[in-house]
Amino acid sequence: MRLILLGPPGAGKGTQAQRLVEKYGIAQLSTGDMLREAVKAGTPIGRKVKDIIARGELVPDDVVVEIVSDRIDQPDAKNGFILDGFPRTVPQAEALERMLREKGLPLDGVVELKCDEGILLDRIRNRIAETVARGEAVRPDDDPEVLKKRLVAYREQTAPLVSYYDKKGSLKTIDGMAKIPHVTAAIGQALQGGRARSQAARKAEGKMAVRSASSTRRRRPGKPKSGSKSGRKARR
Ligand code: ADP
């Protein structure tokens, strides 16, 4: 299983990714975590991105594309992975597509966690309070002012990916404001539905390929045969 989790900061991507990791035995590839580790370790990449992250801006595409490509090749990702926080721009999505094609690793789906913006600020405030209560260090970008910039970055640079993947037919939108286990259940259902649908679609395509040699050619364009895949699509 290879998935992308899409959603604004605070939508619960990390929480759901951890649950999906347990459920499917796959790896969580969080670019945010990888970049924070690089900052902590003081690597050349870490030094380059430290201030960008603290300001709530996106780091350059080529930096994240390279770390994701290396990470996907690690043994723990062989069974599958969830990309959490990547891609975040259309050029990143295009680079990912090329990368996965070259590696022969097709995606199973893109899950969008949809949330009202109003709730996100509350969630980040809670996350800060919980982190402080545990005696851990708060992320420098988990700050209400920086969050506003992260939301602008999401709206302007990442939200276009919703229609990008929708057009490709791989998007599954989930209500990210429901309770955590409900969101997990909805993702599980969407993924199973997606698999069932794609199997049904493959079957229908097979039948259509046979039919196209004879009857389908005689149908008038714009009048799809009832029950066919294109007919169902046209009625939606
Ligand atoms: P969030 O809670 O905002 O989803 P993340 O932990 O995914 O946060 O990312 C934190 C920061 O790391 C981002 O604000 C950005 O600066 C940087 N970052 C993470 N992933 C990417 C990416 N794919 N492209 C560019 N910058 C990224």
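No value in this document is a laboratory result; all are computed from the given coordinates. No experiment lies behind these values; they were computed from the predicted model shown. No Cβ is skipped: glycine too gets one built from the backbone with ideal geometry, and neighbour counts run over all protein chains shown.
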Identify all aspartates and glutamates with a Cα-Cα distance to LYS48 below 15 Å; exclude those on the same chain that are fewer than 8 residues away in sequence.
-> GLU37, GLU57, ASP61, ASP62, GLU66
Given the pairs LYS78/LYS168; LYS78/LYS172; LYS103/LYS148, which span a C-alpha to C-alpha distance of over 32 angstrom in this model?
-> LYS103/LYS148
Lys/Arg +1, Asp/Glu -1 at C-beta; region 146-187 dipole; positive extreme among HIS182, VAL162, VAL152 = VAL152
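Could you give the C-alpha radius of gyration of region 1-160 expressed as a fraction of 2.2 N^0.38 Å, taking N as the number of residues it contains?
Compactness ratio reported: 1.02.
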Computed ³J(HN,Hα) along region 60-67: with the Karplus parameters 6.51/-1.76/1.60, θ = phi - 60°, integer Hz and x for glycine or proline, the list is x, 3, 4, 5, 6, 4, 5, 5
In debye to the nearest 20, how big a dipole does region 42-101 give about its Cα centre with +1 on each Lys and Arg Cβ and -1 on each Asp and Glu Cβ?
-> 120
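Which loop GluC sites (Glu not before Pro) in region 77-148, with loop taken from DSSP, have no more than 15 other Cβ atoms within 10 angstrom of their Cβ?
Those satisfying the criteria are GLU136.
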In whole percent, the Cα-Cα distances of region 62-104 spread across 10 Å bins from 0 upward as 26, 64, 10
If one computes the Cα centroid of region 108-128 and of region 44-90, what distance in Å separates the two points?
-> 20
What is the gain in length, in nm to one decimal, between ASP70 and ARG55 on full extension, counting 0.36 nm per residue of separation less the C-alpha to C-alpha distance?
-> 2.8 nm
